[in-house]
Structure formats: structure tokens, C-alpha cells
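The values are calculated or read from the model by the stated rules, or taken from the named source; none is laboratory data. Keep in mind that this is a model prediction, so the values were computed, not measured. Don't worry about glycine lacking a Cβ; one is built from the backbone with ideal geometry, like all the others, and counts go over all protein chains shown. Side chains included, ligands, DNA and RNA excluded: accessible areas come from the protein's heavy atoms. Shrake-Rupley method; radii C 1.70, N 1.55, O 1.52, S 1.80 Å.
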Amino acid sequence: MYCLGTCTVERGGVILAAVANGCFENVEAAAEAIVRKKDTIVPSPQLVEKYEKGYATFKQFYPALKGKY
């Protein structure tokens, strides 16, 4: 698979299609075979407070929206 960028959405589609077609037993096995770790991104210590605030907001909204998507 050739990607100009990160191709996250496309790669996710490929993983799900491979599982649906019986190429892999489950999503975890497909992801392990298809996804290649390129870099590890370490969060900026200066932004930890903003990350935590955003995650707290996500945790509040997620249960209410979970069944809608």
C-alpha cells in the first residue's frame, strides 16, 4: 500500500476488509501484520495540561455519543 501521508483511514479500511474476507482471524491480528511502527511521538510536557483537559471533555461526551456513531 503506497501512502503520501499517514493513510490512517485507508489503512483502517484495509484492516477491516481483510478481517471481513477471512484473511485474518481478528482486527488485532490484521493490525499487527499490516501496521508498521515508524516513529514514537512523545507529548510535549508543556501541553500536558491541555491534553488532560481535552481528554476529560472526551470522557464526558463519549458515553452519550457512543451509540450514535
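Among the listed residues Leu4, Leu16, identify the single one that is among the aliphatic types (A, V, I, L, M), open to solvent by 100 Å² or more (accessible area, probe 1.4 Å) and at pLDDT below 85.
Leu4
Considering (1) touching a helix residue (DSSP H, G or I) at 6+ places or on another chain (Cβ under 8 Å); (2) β-branched (Val, Ile, Thr); (3) surrounded by fewer than 10 Cβ atoms within 10 Å (Cβ to Cβ), say which one Val27 fails and leave the rest.
So Val27 meets the others, but not (3).
Scanning for something open to solvent by 60 Å² or more (accessible area, probe 1.4 Å), charged (D, E, K, R) and modelled with pLDDT under 85, does the stretch 41-62 turn up at least one residue?
No, the stretch 41-62 has no match at all.
Can Lys38 be described as loosely packed, with under 10 Cβ neighbours inside 10 Å and either more than 18 Å from the chain's Cα centre (by Cα) or at pLDDT below 95 (or both)?
For Lys38, the condition - loosely packed, with under 10 Cβ neighbours inside 10 Å and either more than 18 Å from the chain's Cα centre (by Cα) or at pLDDT below 95 (or both) - is met.
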